[in-house]
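Peer 1: Have a look at this one before I ask anything.
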There are 2 protein chains.
Amino acid sequence: MNNPSFVLKGDLCFSRDPQTLNAVPNGYLVCLDGKCAGTFAQLPAQYQQLPMLDCTGKLIVPGLVDLHVHAPQYSYRALGMDLELLEWLETHTFPEESKYRDLSYARKMYPAFVRDLVRGPNTRACIFATVHVEATLHLMDLLEASGLCTRVGKVNMDRNSPDSLREPGAQASLDATRGWLGRLAGRYQRTKPILTPRFTPSCSDELMAGLGQIQKEFGLPVQSHLSENPGEIAWVQELCPQSRFYGDAYHLFGLFGGEGCPTIMAHCVYSGEEEIALMQRQRVFIAHCPASNTNLASGIAPVRRYLTEGIPMGLGSDVAGGTHTSIFRAMADAIQVSKLRWRLQDSTLAPLTAAEAFYLGTLGGGAFFGKVGSFLPRYEFDALVIDDSRYTPQGSRSIPERLERTIYLSDDRDLAHKYAAGKQLF
Amino acid sequence: MNNPSFVLKGDLCFSRDPQTLNAVPNGYLVCLDGKCAGTFAQLPAQYQQLPMLDCTGKLIVPGLVDLHVHAPQYSYRALGMDLELLEWLETHTFPEESKYRDLSYARKMYPAFVRDLVRGPNTRACIFATVHVEATLHLMDLLEASGLCTRVGKVNMDRNSPDSLREPGAQASLDATRGWLGRLAGRYQRTKPILTPRFTPSCSDELMAGLGQIQKEFGLPVQSHLSENPGEIAWVQELCPQSRFYGDAYHLFGLFGGEGCPTIMAHCVYSGEEEIALMQRQRVFIAHCPASNTNLASGIAPVRRYLTEGIPMGLGSDVAGGTHTSIFRAMADAIQVSKLRWRLQDSTLAPLTAAEAFYLGTLGGGAFFGKVGSFLPRYEFDALVIDDSRYTPQGSRSIPERLERTIYLSDDRDLAHKYAAGKQLF
């Protein structure tokens, strides 16, 4: 059953592009060898011998994609929310992350993160671990066993962080990273590495240059943070005076997208014209993290503009800047803050619609993983079967209406079945 | 058991004022004849004979208060959220509310609203029904049976609404209101009426004048909407040219607070100086509805200013402008939008803290019901026993930290017991 073939029957809903929502009432979703073979109003003859799970009346949508989440922060989500970014990092984040130097602490804490991720609607995630190799490998072991499909980063940081967390110099950080990568060969099917310089304030030029070298050698993707908070941006300009703007401080070291270097940058609340142009040129993915940008009082990213300009983009929970891992929640948050931005900041950028937010949380972010986030043919088979009868009486609403209510009202209680890359998680 | 006496043991947390959170770890909360007798670290001798429910390790807080919710809108919450206020009213609200002219529709729809309200954390609510007397009485019957303590309004509207919903003239609306009030005598203990002119655009001057007369005769409280949306405010100025500002359009008819006329005004996003001064003088309660003001792209109310000026205030879910009835969710929403307002609109108004949001959702709104919303002596006994172990391992966090996480993370699964005015609901 590594590459299974089967059929799901139910009310199908998926994105084709940011504006187009496809709905197939009482339709058939075919999985062939772990890949989506398409959606059908009538089941074609050649699939009629496949095993079928009858989910009539239930909503079936692609698995959701979280482009930005911090695994070690899950244990203190929804705490200290009265602080701003840099103060919150000092008070909560850094002391907690330090504890993961001790593998036994990782063994105690990471299982709850993975367990709750499995129970929720996300099938894919790009995850920050900590600087610690052993703890990161333990997290990757747990994720591999879970069936989720993830990219996980051992974090790099060699400056501006407490002694207990900072790696002892650029070379030590680079050596640890190479050591970590060396231990991954053949170890995982669904769990892949991603280079993770925490953000410019935490990484010296020497470290960044070395990571750029590793990136080229291994052809690895990259994830980091960008233009989240005005104070942070000013600090980056001081720390990296040779950069023309924040994004340039990654680009100078070959860590900002382009051919062979798929990159996710979280936040992009305050990206200026040059930075936006560079992201567009380099096909950098934006991880829009509305809850985190609200909780840490950072601001609201101009998502409508990024969509219009065709910059690759998905959603991030950014736990624990965000409090919930569910990307359904991130969709609702994204719509909501886009309305406030329209009202308070810039009425030329129309609010997001439910269809657009759903696109971002499925196909938009899924593109970082390849053909992921839709039910179009040849997409990887990530699917959620949702029993929405708790909040929508059967037969009372259209599929797009049921999807809108699911975005706002569903929680893990409502998930009946979940599939990631063809594998059934429950 | 009408006025029971008993003791709850657990981790107690309640507000004394907007800034002061009282915490009593492993304490005793005494209910005497349905009223709170106080909180104690050691159980005083005179209470040791009372029956005790041991909730050790659980969090015990006052029941939550929803100052603004529309019962007939519950069935379509989280739908049509891509519209603004006036368009949303035309498309969703008015057509749905029209159906309640048929008592059998009310019998079909209202039970889910009341059932879910019982399961959630609110013990008190000020509720808009519809214009229909029979349906409103049915809702009140259900609420009375539930044990919740509520104020319910038959809505008045005689203009600017579809024929199917509009009452046929001011006199008909006033007659229906008197007829409704006449049928309440002796019928309910926990379910009281409240005068409910929908908002100025829906109510002619003649209707407002007649409601002002009824208010004086019956000494009833009043609830309505105020200064929610710029388009709405401009419309009120056209419709009621003799008013100096929106709030004045209620005040002219004696429906805006003051001695003997307790009043709730929902929203107050755009109240100007004169309106704020009048609310303060008349002790008008503001129902702050952050989710609704976000979903309908109305804006963000200056809650910090209202707090500082001592205007009475609580929170409203405003379902179905809001999508969730839980006032814990409204607390989180209130904190979050206050941060965005601080960042985007006015950095002189500091964001709300978790303690302040908790105050608003308990004691702040509770004051509209009398001595409600705290565990201070002589307060009515409204209490929630919360098993927060799903998101906070026992013994790992302080009571204020557990409260913060409960605000952001809890849902109805986590409620172990619930009491309203001394009565145990579950």
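Peer 1: Can you give me the C-alpha center-to-center distance between the stretch A:394-422 and the stretch A:293-367, rounded to a whole angstrom?
Peer 2: Cα centroid to Cα centroid, the span is 20 Å.
Peer 1: Here is a follow-up. Measuring from centroid to centroid over Cα atoms, what is the spacing of the stretch A:14-82 and the stretch A:134-204 in Å?
Peer 2: 29
Peer 1: Read phi for every residue in the stretch B:43-51 and hand back ³J(HN,Hα) as whole Hz from Karplus 6.51 cos²θ - 1.76 cosθ + 1.60, θ = phi - 60°, with x for Gly and Pro.
Peer 2: 6, x, 4, 5, 9, 6, 8, 6, x
Peer 1: At 1.4 Å probe size, with no ligands or nucleic acids counted, give the accessible surface of A:His70 in Å², nearest ten.
Peer 2: 10
Peer 1: Counting Lys and Arg as +1 and Asp and Glu as -1, what is the net charge of the other residues whose Cβ lies under 12 Å from the Cβ of B:Tyr188? Intermediate results must be reported in sequence, preceding the final value.
Peer 2: Values: positive: B:Arg151, B:Arg183, B:Arg187, B:Arg190, B:Lys192; negative: B:Asp141, B:Glu144.
Result for the local shell: +3.
Peer 1: For the stretch A:64-369, what does the relative contact order come out to in percent, with C-alpha contacts under 8 Å and a separation of six or more?
Peer 2: Answer for the stretch A:64-369 is 20 percent.
Peer 1: Between chains A and B, what is the buried accessible area summed over both chains (1.4 Å probe, protein heavy atoms, nearest 100 Å²)?
Peer 2: On the way: alone 16150 and 16160 Å², together 28470 Å².
So the total buried area for this chain pair works out to about 3800 Å².
Peer 1: Moving to a separate point now. Run the numbers for B:Glu134 and B:Asp175: contour at 0.36 nm per residue of separation, minus the present Cα-Cα distance, in nm. Working shown, then result.
Peer 2: Working: separation 41, 0.36 × 41 = 14.76 nm, distance 1.39 nm.
Answer, rounded to one decimal: 13.4 nm.
Peer 1: Label-to-label distances across copies for A:Phe40, with labels 7 Å out along Cα→Cβ, in nm, shortest first?
Peer 2: 7.3
Peer 1: Rounded, prolate or oblate: pick one for the stretch B:64-369, where a ≥ b ≥ c are the square roots of the eigenvalues of its C-alpha gyration tensor, a/c under 1.5 means rounded, and failing that, prolate if a/b is larger than b/c, else oblate. Please list the in-between numbers first.
Peer 2: Values: a/c = 1.41, a/b = 1.21, b/c = 1.17.
Rounded shape, in that the Cα axes give a/c under 1.5.
Peer 1: Which value at 222 nm does the protein assembly as shown reach when only helices count, each DSSP H run of 4 or more adding -39,500 (n - 2.57), with the total divided by all residues and rounded to the nearest 500 deg cm²/dmol?
Peer 2: Working: 28 runs with 280 residues, N = 852.
My calculation for the protein assembly as shown gives -9500 deg cm²/dmol from helical runs alone.
Peer 1: Residues with beta-carbon under 15 Å from that of A:Arg405, excluding A:Arg405: net charge, scoring Lys, Arg +1 and Asp, Glu -1?
Peer 2: Numbers: positive: A:Lys58, A:Arg329, A:Arg390, A:Arg397, A:Arg402, A:Arg413, B:Arg77; negative: A:Asp11, A:Asp387, A:Asp388, A:Glu401, A:Glu404, A:Asp411, A:Asp414, B:Asp82, B:Glu96, B:Asp116.
The answer is -3.
Peer 1: Moving to a separate point now. Can you give the local net charge around A:Ala129? Use residues other than it whose beta-carbon is closer than 10 angstrom to its beta-carbon, Lys and Arg +1, Asp and Glu -1.
Peer 2: On the way: positive: A:Lys154; negative: A:Glu97.
Summing Lys and Arg as +1 and Asp and Glu as -1 gives 0.
Peer 1: Given Cα pairs under 8 Å that are at least 6 residues apart, what percent is the relative contact order of the stretch B:1-144? Provide the component values of the computation, followed by the final result.
Peer 2: On the way: 202 pairs, mean separation 31.9, N = 144.
Across the stretch B:1-144, relative contact order equals 22 percent.
Peer 1: Further question: What does the structure give for A:337-343 when I average, per residue, the other chain Cβ atoms found within 10 Å of the residue Cβ?
Peer 2: Working: counts 4, 1, 10, 12, 3, 1, 13.
Mean shielding count: 6.
Peer 1: Just checking the output field for A:404-411: average partner chain Cβ neighbours within 10 Å of each residue's Cβ? Mind dumping the intermediate values first?
Peer 2: Working: counts 6, 6, 1, 3, 9, 4, 1, 2.
Per residue, the number of nearby Cβ atoms from other chains is 4 on average.
Peer 1: Chain B: longest stretch without exposed GluC sites (Glu not before Pro) (DSSP loop, at most 13 other Cβ within 10 Å), sites themselves excluded? Spell out each step's value before the answer.
Peer 2: Working: sites that count: B:Glu259, B:Glu309.
Between the exposed loop sites, the longest stretch runs B:1-258.
Peer 1: With a 1.4 Å probe and all protein chains kept in place, how do A:Thr177, A:Thr308, B:Thr20 rank by accessible area, largest first?
Peer 2: Values: A:Thr177 0, A:Thr308 110, B:Thr20 55 Å².
Sorted by accessible area, descending: A:Thr308, B:Thr20, A:Thr177.
Peer 1: State, as an integer percentage, the relative contact order of the stretch A:19-67 based on alpha-carbon contacts under 8 Å between residues 6 or more apart.
Peer 2: On the way: 29 pairs, mean separation 13.1, N = 49.
RCO, the stretch A:19-67: 27 percent.
Peer 1: Let me ask another. Just want the answer: with Cβ charges of +1 for Lys and Arg and -1 for Asp and Glu, which residue in B:Cys203, B:Ile214, B:Ile127 is farthest toward the dipole's positive end in the stretch B:64-369?
Peer 2: B:Ile127
Peer 1: Here is a follow-up. Give me the accessible area per residue for the stretch A:78-179, probe 1.4 Å, as a whole number in Å². Numbers along the way, then the final one.
Peer 2: Details: 3480 Å² over 102 residues.
Dividing the accessible area of the stretch A:78-179 by its residue count gives 34 Å².
Peer 1: Moving to a separate point now. What fraction of the DSSP beta bridges in the protein assembly as shown is antiparallel, stated in percent and rounded to the nearest 5? Show your work: numbers first, answer last.
Peer 2: Working: 50 of 116 bridges.
Here the antiparallel bridges make up roughly 45 percent for the protein assembly as shown.
Peer 1: Turning to a different aspect of this structure: Rounded to the nearest 0.05, what FRET efficiency is calculated for B:Ala209 and A:Arg305 with R0 set to 45 Å and r the Cβ-Cβ distance?
Peer 2: 0.35
Peer 1: Another question, if that's okay. Classify the protein assembly as shown as rounded, prolate or oblate, taking a ≥ b ≥ c as the square roots of the eigenvalues of its Cα gyration tensor: rounded when a/c is under 1.5, otherwise prolate if a/b is larger than b/c and oblate if not. All intermediate terms of the calculation are to be shown ahead of the outcome.
Peer 2: Values: a/c = 1.72, a/b = 1.56, b/c = 1.10.
Prolate, because a/c is 1.5 or more and a/b exceeds b/c.
Peer 1: Can you list the copy-to-copy distances for B:Pro25, using a point 7 angstrom from Cα toward Cβ, in nanometres, shortest first?
Peer 2: Result for B:Pro25, in nm, nearest copy first: 5.8.
Peer 1: Is the shape of the stretch B:97-225 rounded, prolate or oblate, going by the alpha carbon gyration tensor and its root eigenvalues a ≥ b ≥ c, with a/c under 1.5 for rounded and a/b larger than b/c for prolate? Each step should come with its number before you reach the end.
Peer 2: On the way: a/c = 1.85, a/b = 1.41, b/c = 1.32.
Taking the square roots of the gyration eigenvalues as a ≥ b ≥ c, the stretch B:97-225 is prolate.
Peer 1: I've got another one for you. Roughly what would the spin-label model give for A:Arg390 and A:Gln46, points 7 Å off Cα along C-beta, in nm?
Peer 2: 4.0
Peer 1: Compute the label-point distances linking A:Phe218 to its equivalents in the other copies; points lie 7 Å from Cα along Cα→Cβ; give nm, one decimal, shortest first.
Peer 2: Its label point is 7.2 nm from the equivalent points in the other copies.
Peer 1: Additional query: Would you calculate the separation in nanometres between label points at A:Leu376 and A:Arg244, each defined as 7 Å from the Cα along the Cα-to-beta-carbon direction?
Peer 2: That separation, rounded to one decimal, is 3.3 nm.
Peer 1: Run the paramagnetic zone check for B:Arg183: 7 angstrom along Cα to Cβ, then residues of the stretch B:113-149 with backbone nitrogen under 13 Å.
Peer 2: Counting backbone N atoms under 13 Å from the label point, the list is B:130-142.
Peer 1: Between A:Phe426 and B:Lys108, what FRET efficiency comes out of the Förster formula 1/(1 + (r/R0)^6) with R0 = 30 Å and r the beta carbon distance, rounded to 0.05?
Peer 2: Values: r = 34 Å, r/R0 = 1.13.
Efficiency, rounded to the nearest 0.05: 0.30.
Peer 1: Could you derive backbone 3J(HN,Hα) for the stretch A:355-362 from the dihedral phi with the Karplus parameters 6.51, -1.76 and 1.60 (θ = phi - 60°), listing whole Hz in sequence and x where the residue is Gly or Pro?
Peer 2: Here the 3J(HN,Hα) series is 4, 5, 5, 5, 4, 4, x, 10 Hz.
Peer 1: How large, in percent, is the carbon and sulfur part of the accessible surface of the protein assembly as shown at a probe radius of 1.4 Å?
Peer 2: On the way: 14230 of 28470 Å².
On the protein assembly as shown, the fraction of accessible area on carbon and sulfur atoms equals 50 percent.
The values are calculated or read from the model by the stated rules, or taken from the named source; none is laboratory data. Everything quoted here is computed from the prediction, not taken from an experiment. Positions of Cβ are generated from backbone atoms using ideal geometry, with glycine treated the same way; all protein chains shown enter the neighbour counts. Note: areas computed on protein heavy atoms with side chains; ligands, DNA, RNA excluded. Shrake-Rupley method; radii C 1.70, N 1.55, O 1.52, S 1.80 Å.
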